[in-house]
Amino acid sequence: MSSSKGYAALSSTTPLAPHDFTRREPLASEIVVDILFCGVCHSDLHMARNEWGNSIYPMVPGHEIVGRVSAAGSAVTKFKVGDIAAVGVIIDSCRHCPACEKGEEHFCKEGPTLTYAVPDRVDGSITMGGYSNHYVVDERFAHTVPANLDLAAVAPLLCAGITTYSPLRHWKVGPGMKVGIVGLGGLGHMGLKFAHSFGAHTVQLTTSLKKKEDALKLGADEVVLSTDPEQMKAHANSFDFILDTASAPHALEPYLGLLKQDATLCLVGLPEVPPSISPFALITKRISVAGSMIGGMPETQEMLDYCGDKGITSDVEVIPVQQINEAFERMLKQDVKYRFVIDMATL
Ligand code: NAP
Ligand code: ZN
Ligand code: ZN
């Protein structure tokens, strides 16, 4: 056991506060990552406040981790001490079911092990996330980072990046398609960058008029204020694909109205209250409403390597860990530009 420190929620109603805990020693196939940066995902806020009803306390959130390898077990081949490693939302899985064998560990039939707030497969202890000084992880669930990228700006790729990259690839977003991104937050701004980079005509749908200039700079061909019925009407029945990253409860009908016949609205945002959908909104255009969750280990590495090739990273506001509660409050006010990242040297 090694002693660790981090920031934890002790209940759903208390602010995050300094917390000491222990981590187990690494196995032969595992590495110890000294955490340099950890992104702040809206899921951390949902989880810290038990908005999905499955939280376990004390909870150290954080699943957008970039750090330096400080120890490597005897069977580790991908990393050596001193290398940079990145860890995302899942840190283990059964490794033998059909999904795991395909490298889709996030769809593991026995359930993947999440980075925090679930029982560890090795010793049953509750996993503790990246708002902390180090992490112990099997090398299969850690990624290499292209050397040309800024490490603070890489951290959000491990969740916001792969969660938007994966569905855009799955639905084959590319040239000739008109694609909408709902919400310009952590996920949304990465979805915007990827859809633009894949060659689609990309439209940012936002409830925040003040984000228009930023959206254009981040790669939007057009920006639509989704609360303005006139602007929405001008785009009716014209989209091939829409990726919905909104974190708060919202009606889907206005976005379904934007889709062409046979087009897809893919949900990745996970509001506390699930949406209701009228079948009439679907049948009249044979529309699909789909969902997508992060991505498997091979696709996460593919995404990181793609970002290295294209020079894509997140737009980040680096904060000291002591400002985490303020960052949560700003996230709720949709005041994120466009991802908070904790500099773990401040711990
Ligand atoms: P975020 O940075 O807080 O961004 C969320 C954005 O949603 C806001 O900036 C806002 O953008 C938009 N929004 C908020 N309320 C809205 C409303 N009522 N109607 C329309 N848009 C609204 O959050 P995030 O970290 O990107 O996470 C977004 C969601 O994805 C969260 O629910 C999170 O838990 C979930 N998530 C899912 C996965 C997955 O695997 N599926 C992975 C990570 C996160 P505008 O100001 O532009 O309107
Ligand atoms: Zn996340
Ligand atoms: Zn499995």
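The values are calculated or read from the model by the stated rules, or taken from the named source; none is laboratory data. Being a predicted model, the structure only gives us computed values, none of them experimental. Every residue, glycine as well, gets a Cβ built from its backbone with ideal geometry; the counts of neighbours run over all protein chains shown.
Structural remarks
- Residue in the range 45-61 that is within 16 Å of ligand 1 (Cβ to nearest atom) and touching a strand residue (DSSP E or B) at 6+ places or on another chain (Cβ under 6 Å) present: yes
- For L282, the test of being closer than 30 Å to F141 by Cα, more than 8 Å from ligand 1 (Cβ to nearest atom) and at pLDDT 95 or above is failed.
- Taking the listed residues P119, P18, P61, the one that is surrounded by 22 or more Cβ atoms within 10 Å (Cβ to Cβ) and of a type outside the set (F, W, Y) is P61, with no other qualifying.
- Of G67, G53, all but one fail to be away from ligand 2 (no atom under 14 Å from the Cβ), touching a Leu at 6+ places or on another chain (Cβ under 6 Å) and modelled with pLDDT of 95 or more; the exception is G67.
- Test: G296 is under 19 Å from the mean Cα position of the chain (by Cα), of a type in the set (G, A, S) and either modelled with pLDDT under 95 or surrounded by fewer than 16 Cβ atoms within 10 Å (Cβ to Cβ) (or both): no
- Index of the failed condition, C108 passing every other in (1) within 16 Å of ligand 2 (Cβ to nearest atom); (2) free of Cβ contacts under 8 Å to residues at least 40 places away in the same chain: (1)
- For the range 169-190, the set of residues classified as closer than 26 Å to K210 by Cα and not charged (D, E, K, R) consists of V179, G180, I181, V182, G183, L184, G185, G186, L187, G188, H189, M190, listed by residue number.
- Filtered by the rule that a residue be in contact (Cβ under 8 Å) with a residue 40 or more places away in the chain and either of a type outside the set (S, T, N, Q) or in contact with a Cys (Cβ under 9 Å, 6 or more places away or on another chain) (or both), the range 201-223 gives L205, D214, L218.
- Restricting attention to the range 25-44 and to residues that are over 18 Å from G67 (Cα atoms) and of a type outside the set (D, E), the residue that is surrounded by the fewest Cβ atoms within 10 Å (Cβ to Cβ) turns out to be A28.
- Residues within the range 80-97 that are more than 8 Å from ligand 3 (Cβ to nearest atom) and out of contact with any Pro (no Cβ under 6 Å at 6 or more places or on another chain), tallied: 12
- The residues listed here are A86, A99; of these, the one that is at pLDDT 95 or above, hydrophobic (A, V, I, L, M, F, W, C) and over 13 Å from Y135 (Cβ atoms) is A99.
- Of all the residues in the range 113-155, those that are in contact with a Leu (Cβ under 8 Å, 6 or more places away or on another chain) and without any contact (Cβ under 8 Å) to a residue 60 or more places away in the chain number 1.
- Residue check for Q301: surrounded by fewer than 20 Cβ atoms within 10 Å (Cβ to Cβ), within 30 Å of A142 (Cβ to Cβ), in contact (Cβ under 8 Å) with a residue 24 or more places away in the chain and of a type in the set (S, T, N, Q): yes
- Residue list for the range 80-116, filter: more than 16 Å from ligand 1 (Cβ to nearest atom), buried (at least 21 other Cβ atoms within 10 Å of the Cβ) and either more than 23 Å from the chain's Cα centre (by Cα) or of a type in the set (G, A, S) (or both): A85
- Only one entry in I319, I324, I277 is surrounded by 20 or more Cβ atoms within 10 Å (Cβ to Cβ) and either closer than 20 Å to H201 by Cα or touching a residue at least 12 places away in the same chain (Cβ under 8 Å) (or both), namely I324.
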